[in-house]
Amino acid sequence: MVQQVSQTVIYPDSDGQPMAENTQQFQWIVVIKENLEILFANRPDVFVAGDLLWYPVEGDNKTRQAPDAMVAIGRPKGHRGSYRQWEEDNIAPQVVFEILSPGNRLAEMNRKFKFYERYGVEEYYIYDPERLDLAGWLHRDGELTMIEEMSGWVSPRLQIRFEFPPTGLELYYPDGRRFLTSVELHQQAQAAQQQAEESEQRARRAEEELAAEKVRSQRLAEQLKRLGIDPDSQV
């Protein structure tokens, strides 16, 4: 008699690889991921993640990738150890970003490309901040097709705009605001707070001056009355 032993498949939450190899790569990953979080802050059905392992096939813990940033539209926000597609209504992340570092190898990037193409990524973007190189692909007819011109390109899914001046990649919200670093966002918030405080101080001074003017007018009217002059007389 042969006894069958069922084995539970383990899906590790880490692939043992660092999130980034240098500060520039790390900053770009954070900027893209965090600004996408801000973009979809009011959309409970949009999940954004960075460096999260994605397992597309149940029972297969070897087929996986950890995109630098990814967006899954139609999935709720919340913490996850990994993105197990069969537990996510079988929805694949529609948009994926990869930020290159000097350690990236051509064979590795080819494997990633084939993975994203096979498992249904609709938009795939790669940026090399060191070489100032930007590329993008759109899923058409079962394959990822290169986007001919990335400068001025608007993501069909995200509606963000890519600009590529000589200084490097710039990303813009649908309303025209530029993606900012956390430091720039903090500085912007500080400037807005300072402006609000200055406006409040100006309004308070104006109220104080108006009140003081009212007191002066009342005192003048009282003095005129003591002199027998009616301040309200039209003559």
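Shape class of region 1-155 from the alpha-carbon gyration tensor: prolate, with a/c at 1.5 or above and a/b greater than b/c. In percent, rounded to a whole number, the relative contact order of region 30-69 is 37, using alpha-carbon pairs under 8 Å and six or more apart. Averaged per residue, region 31-157 has 48 square angstrom of accessible surface, using a 1.4 angstrom probe with ligands and nucleic acids left out. Between the C-alpha center of region 143-161 and that of region 66-116 there is a gap of 17 Å. Working from Cα pairs under 8 Å separated by at least six residues, relative contact order for the chain is 12 percent. Size descriptor for region 116-214, Kirkwood hydrodynamic radius: 17.2 Å (Cα pairs only, one decimal). Here each label is just a point 7 Å from Cα along the line to Cβ, and for Lys62 and Arg118 those points are 1.1 nm apart. Classification of region 26-96 by its C-alpha gyration tensor yields an oblate form. The axis ratio a/c (a ≥ b ≥ c) is 1.5 or more, and b/c is at least a/b.
Distances between placed amide hydrogens fall under 5 Å for Ala69 paired with Asp51, Phe97, all partners being 5 or more residues away or on another chain. Spin-label pair Lys77-Glu148: with each label point 7 Å from Cα along the Cα-Cβ axis, the two points sit 3.9 nm from one another.
Cross-link pairs exceeding 20 Å in C-alpha to C-alpha distance, out of Lys62/Lys112; Lys62/Lys114; Lys77/Lys114, comprise Lys77/Lys114. Using just its DSSP H runs of length 4 or more, each adding -39500 (n - 2.57), the chain gives a mean residue ellipticity at 222 nm of -11500 deg cm²/dmol after division by all residues.
Maximal additional length on extending the Asp232-Glu87 stretch stands at 44.1 nm, based on 0.36 nm per residue less the C-alpha distance. The calculated FRET efficiency for Arg202 paired with Leu180, based on their beta-carbon distance and R0 = 30 Å, is about 0.60. Peptide packing: for 143-150, 101-108, the average count of neighbouring Cβ atoms within 10 Å per residue gives the ranking 143-150, 101-108, highest mean first. With a Förster radius of 35 Å applied to the beta-carbon distance between Gln190 and Thr8, the computed FRET efficiency rounds to 0.10.
The values are calculated or read from the model by the stated rules, or taken from the named source; none is laboratory data. These figures come from a predicted structure and were not determined experimentally. No Cβ is skipped: glycine too gets one built from the backbone with ideal geometry, and neighbour counts run over all protein chains shown. For the accessible areas, the whole protein counts, side chains as well, though only heavy atoms, and no ligand, DNA or RNA atoms are used. Shrake-Rupley method; radii C 1.70, N 1.55, O 1.52, S 1.80 Å.
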